[in-house]
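**Q** The structure follows.
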Amino acid sequence: MIRALYIGRFQPYHNGHHYVINHIAREVDELIIGIGSAQMSHEPSDPFTAGERVLMITSALHEMNKPVYVIPLEDINRNALWVSHVRAMTPPFHRIYSGNPLVIRLFHEAGTEAFTPAMYERATLSGTKIRNRILQDEPWEKYVPLQVARVIREIDGISRIRALSQDDGDGSC
Ligand code: ATP
Ligand code: MG
């Protein structure tokens with residue numbers, strides 16, 4: 001029995017994440033998806049709440065025929081303790097997948113098998129690029145699963161992303 005963890009911020013969950021997760025799902029029995037920087041929202045690089053990201057991911061993966069646990073993970077800003085923090089918040093897991101070299105390093109040092117999946121169509125499938133497309137009113141829906149586009153529209157995410165880009169120059173609320 002292999003239970004694996006995949007971590008990302010998913011601002012938003014897009015077809016690159018979806019491709020990788022479907023690939024990983026073929027290699028494992030159960031999947032945990034950790035939503036990083038869970039406390040962040042309503043910022044240009046982190047527009048969506050953890051709850052909204054849970055909804056995007058669970059909707060997009062509703063046809064997965066294996067158990068999937070979607071767990072928000074807040075930042076603790078203390079790298080040496082981060083693996084323990086993640087382990088305290090998630091079901092027990094045997095390996096981790098991440099594209100973030102720091103995440104890979106921290107789990108490797110803690111003795112957990114850590115893998116870096118290959119990037120898939122990264123030229124277009126990147127959270128930053130998709131947020132920019134939404135901001136610039138360019139086509140973006142084809143870069144996310146259908147269910148994610150639906151959630152973004154349901155929560156009025158498009159006008160939120162545009163409003164967040166209008167900085168009053170103060171740098172705070
Ligand atoms: P952002 O631009 O906001 O950082 P992102 O597209 O990099 O968004 P993240 O949530 O930061 O997405 O990344 C989560 C995980 O998904 C990371 O491990 C990242 O390397 C991986 N990832 C992101 N885009 C792709 C892609 N196109 N193909 C495969 N993996 C991807
Ligand atoms: Mg990223």
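**Q** Want the number for Ala123 to Leu135: 0.36 nm per residue separation, take away the alpha-carbon distance, what's left?
**A** Result: 2.5 nm gained on full extension.
**Q** What is the Cα centroid distance between region 25-58 and region 100-119, reported in whole angstrom?
**A** Going from one Cα centre to the other spans 18 Å.
**Q** From the helices alone, meaning DSSP H stretches of at least four residues, give me the mean residue ellipticity at 222 nm for the chain, per-run term -39500 (n - 2.57), in deg cm²/dmol to the nearest 500.
**A** Computed ellipticity for the chain at 222 nm equals -12000 deg cm²/dmol.
**Q** Hey, another quick one. Rounded to the nearest 10 Å², what accessible area does Asp75 show when all protein chains are kept and the probe is 1.4 Å?
**A** Accessible area of Asp75: about 60 Å².
**Q** Determine, from the Cβ-Cβ distance of Ser45 and Arg87 and an R0 of 35 Å, the FRET efficiency 1/(1 + (r/R0)^6), rounded to the nearest 0.05.
**A** 0.85
**Q** Continuing with the same structure: I'd like the GluC sites (Glu not before Pro) in region 19-81 restricted to DSSP loop residues with at most 12 other Cβ atoms within 10 Å, sorted by number.
**A** Those satisfying the criteria are Glu63.
**Q** Are there GluC sites (Glu not before Pro) in region 107-151 that DSSP puts in a loop and that have at most 13 other Cβ atoms within 10 Å, and which ones?
**A** Filter output for region 107-151: Glu121.
**Q** By the scheme Lys and Arg +1, Asp and Glu -1, what is the net charge of all other residues having a beta-carbon under 10 Å from that of Pro12?
**A** Surrounding charge for Pro12 is +2.
**Q** Specify, per residue and in Å³, the volume enclosed by the convex hull of the alpha carbon atoms belonging to region 3-165.
**A** Convex hull of Cα atoms, per residue: 105 Å³.
**Q** If we count every other residue with Cβ under 15 angstrom of Leu146's Cβ, Lys/Arg +1 and Asp/Glu -1, where does the sum land?
**A** Local charge sum for Leu146: 0.
**Q** Just the number please: accessible area per residue for region 3-165, 1.4 Å probe, all protein chains included, in Å².
**A** Counting only protein heavy atoms, the per-residue value for region 3-165 is 51 Å².
**Q** In addition: Relative contact order for the chain: what is it in percent, counting Cα pairs under 8 Å that are at least 6 residues apart?
**A** Computed value for the chain: 28 percent relative contact order.
**Q** Hey, rough spin-label estimate for His62 and Ala163, points 7 angstrom out along Cα→Cβ, what's it come to in nanometres?
**A** Simple spin-label model gives 2.7 nm for this pair.
**Q** Right, something else. In debye, nearest 20: dipole of region 3-165 around its Cα centre with unit charges on the Cβ of K, R (+) and D, E (-)?
**A** Once rounded to the nearest 20, the dipole reads 140 debye.
**Q** What trypsin sites (Lys or Arg not before Pro) does region 44-93 have in DSSP loop regions with at most 16 other beta carbons within 10 Å?
**A** Arg78
**Q** Sticking with this structure for a sec: Along the charge dipole of region 99-165, pointing to its positive end and built from +1/-1 on Cβ of Lys, Arg, Asp and Glu, which listed residue (Ala118, Ile161, Val151) has its Cα farthest out?
**A** Of the listed residues, the answer is Ile161.
**Q** For the chain, give the percent of accessible area contributed by carbon and sulfur heavy atoms, probe 1.4 Å, rounded to a whole number.
**A** Solvent-exposed carbon and sulfur of the chain make up 50 percent of the total.
**Q** Right, another one. Out of all DSSP beta bridges with both ends in the chain, state the antiparallel percent to the nearest 5.
**A** Once the DSSP bridges in the chain are tallied, antiparallel ones form about 5 percent.
The values are calculated or read from the model by the stated rules, or taken from the named source; none is laboratory data. From a predicted model like this one, the values you see are computed outputs, not experimental measurements. Glycine gets a Cβ as well: all are built from the backbone with ideal geometry, and neighbour counts include every protein chain shown. For the accessible areas, the whole protein counts, side chains as well, though only heavy atoms, and no ligand, DNA or RNA atoms are used. Shrake-Rupley method; radii C 1.70, N 1.55, O 1.52, S 1.80 Å.
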